[in-house]
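Read through the structure below, which is laid out as structure tokens, and then see the notes.
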Amino acid sequence: MTELLPDGRTIDEATAAGARAHELDRAHVFHSWSAQAQINPMTIVATEGSYVWDGQGNKLLDFSSQMVNTNIGHQHPKVVAAIAEQAAKICTIAPQHVNEARSEAARLIAERTPGDLDKVFFTNGGADANEHAIRMARVHTGRQKVLSRYRSYHGGTELSINVTGDTRRFANDHGAQAVAHFDGPFLYRSSFYAETEEQESQRALEHLERTIVLEGPGTIAAIILESIPGTPGIMVPPPGYLAGVRELCTKYGIVMIADEVMSGFGRTGKWFAIEHGATAAGPVVPDLLTFAKGVNSGYVPLGGVAIGAEIAATFADKPYPGGLTYSGHPLATASAVATINAMTEERMVENAAQIGDEVIRPTLEEFKAKHPSVGDVRGEGVFFAIELVRDRDTREPLAPYGGSSPAMNETIAALKKGGLLPFANYNRIHVVPPCNVSVDEAREGLAIIDDALNVADAHT
Ligand code: PLP
């Protein structure tokens, strides 16, 4: 019998359609972050659960979750059905009107975010969520400057890319956005000559306070930081760091913005990564928390800002000077409602925590023991990074910061050949399957990575 794809097509039919799409893509589609002539993008013709099918008839285990957004996997039937049901009722409605899907999505999000983050402003994605969070902070404080980490990514729009600290900012650095950067904690490549997590945390906080004082506390509207930085390398902050940032923000009247666009909605084994920063004194509650991706697994574009009581109060009588035609779009928010409910009913956040602790972390520790190319492994839940090096003593990365290398490219090719769609960045492979990945799928993906690491080892 001919094998059928989840959408009912034969592999041959889908392959032919995929080849036509590839041809049209090369003729007419302009791609993100790429020199257009130098890319040969992979065609995807079908997706289901933790798997995708490429345009050559190959089934690949999706260990990228695309852009780390399919937290509930591909084509989850409850979400697909919810989008169809909403489309049959109301496809679109202007944001000034109450819409049932948006109200319910806001309730579900407010219930899950920490502390008093009880109001939600919806956007189309993560970058514009950060833009709006910064605007709220600026209007709230009457100050302009924003501090953010060097090793950070906050989005591709004009302000968000300038707030971004990593190399993607360089070609966009227009220097007029009132932004300053600081170094965050990252023990493996410590900027603070620290040898323990405690030293790293304390020195990173001293450095941040120095930066605040030198920049002028009265000029700083916000500090924005990813609760666990994602694309810059999944560096889990050492104990006390996020609580320390919270204290500094309170001390200097600065708005704390937690960017949970990538780390939110179950990815780290908790609803939000900032929960990992709780101390004996209690949870860390930012003033604003931005989200996107996992809120509805990206089935329809959606992001937003969860707003704490103090900033909500600022805008109780004073208009918020901003908005979007599609803020709270019914198809997007209906898919968020279905996603959050499915994640809750099917215990996906708990699953992510368990897979991380019982399967991913111990296996990555084994890789570190047996593969000389593995310099460091770190993460939480289904949010882990493997940092590859040429030399464990010097920690020379297998590809330079912001770049690629033949060694890294060969390793990535080996992963794909083994049947895995990876998320790789510079000298790192990220292990970021969906939150509902099964134990067998997780083991299958890790076995493919194990094999591919032999290719990386050959370059040490
Ligand atoms: N913030 C973080 C932490 C991200 O990882 C991303 C995207 O990867 C963004 C913001 C930007 O989100 P979007 O691409 O939806 O605009």
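Since every read-out is calculated from the coordinates, none of them should be taken as a lab result. Since this is a predicted model, take the numbers as computed values, not measurements. In this analysis, Cβ positions are derived from the backbone assuming ideal geometry, glycine residues included, and neighbour counts consider all displayed protein chains.
Would you mind calculating the relative contact order of the stretch 390-431 from Cα pairs under 8 angstrom and at least 6 residues apart, reporting the percent as a whole number?
Values: 36 pairs, mean separation 14.3, N = 42.
Relative contact order for the stretch 390-431 comes out at 34 percent.
How many times 2.2 N^0.38 Å is the alpha carbon radius of gyration of the stretch 153-286? Mind showing how you got there, number by number?
Working: Rg = 14.5 Å, N = 134, 2.2 N^0.38 = 14.1 Å.
Rg over 2.2 N^0.38 Å, computed on Cα atoms: 1.02.
Applied to the stretch 265-271, the Karplus parametrisation 6.51 cos²θ - 1.76 cosθ + 1.60 on θ = phi - 60° returns per-residue 3J(HN,Hα) values of 6, x, 3, 9, x, 9, 4 Hz, with x for Gly and Pro.
Among 25-37, 277-289, 6-18, 220-232, what's the highest-first ranking by average C-beta atoms within 10 angstrom per residue?
Numbers: 25-37: 9.0, 277-289: 19.2, 6-18: 15.3, 220-232: 26.1.
Order by mean packing, descending: 220-232, 277-289, 6-18, 25-37.
Per-residue 3J(HN,Hα) values for the stretch 355-371, derived from phi via the Karplus relation 6.51 cos²θ - 1.76 cosθ + 1.60 with θ = phi - 60°, read 4, x, 6, 9, 10, 5, 4, x, 5, 5, 5, 5, 4, 5, 6, 10, 10 Hz in sequence order (x marks Gly and Pro). Considering only C-alpha atoms, what is the centroid distance from the stretch 30-68 to the stretch 292-318, in Å? If you average the Cα positions of each part, the centres end up 30 Å apart.
Ignoring everything except DSSP H segments at least 4 long, calculate the 222 nm mean residue ellipticity for the chain; use -39,500 (n - 2.57) per segment, divide by total residues, nearest 500. Can you show the working numbers first?
Numbers: 14 runs with 175 residues, N = 460.
Result for the chain, helices only: -12000 deg cm²/dmol.
Along its three principal directions, the equivalent ellipsoid of the stretch 99-193 from the Cα gyration tensor extends over semi-axes of 28, 17, 14 Å, largest first.
Each Lys and Arg contributes +1 and each Asp and Glu -1, all at the Cβ; summed about the Cα centre of the stretch 216-303, the dipole is approximately 80 debye.
Quick one: pull the percentage of alpha-carbon pairs in the stretch 264-365 with a separation above 16 Å. Considering the stretch 264-365, 68 percent of its Cα-Cα pairs are separated by more than 16 Å. Orientation-averaged projection of the stretch 13-59 equals 3.8 nm² [convex hull of Cα atoms, one quarter of hull surface area]. Among M67, M262, the ranking by other beta carbons within 10 Å of each residue's beta carbon, starting with the fewest, stands as M67, M262. Here the chain is treated as an ellipsoid with the same Cα gyration tensor; its semi-axes, largest first and in whole Å, are 33, 29, 20.
Per residue, the convex hull around the alpha carbon atoms of the stretch 40-85 comes to 88 Å³.
Distant-in-sequence amide contacts of T164, defined by a placed amide H-H separation under 5 Å and a gap of 5 or more residues or a different chain, comprise H154.
Going from the alpha-carbon gyration tensor of the stretch 327-460, what semi-axes, largest first and in whole Å, does one get by taking the root of 5 times each eigenvalue?
Numbers: eigenvalues 192, 57, 33 Å².
Result for the stretch 327-460: semi-axes of 31, 17, 13 Å.
Structural descriptor for the stretch 168-260: relative contact order 29 percent, calculated from alpha carbon pairs under 8 angstrom and at least 6 residues apart. By other beta-carbon atoms within 10 Å, ranking R378, R20 with the fewest at the front produces R20, R378.
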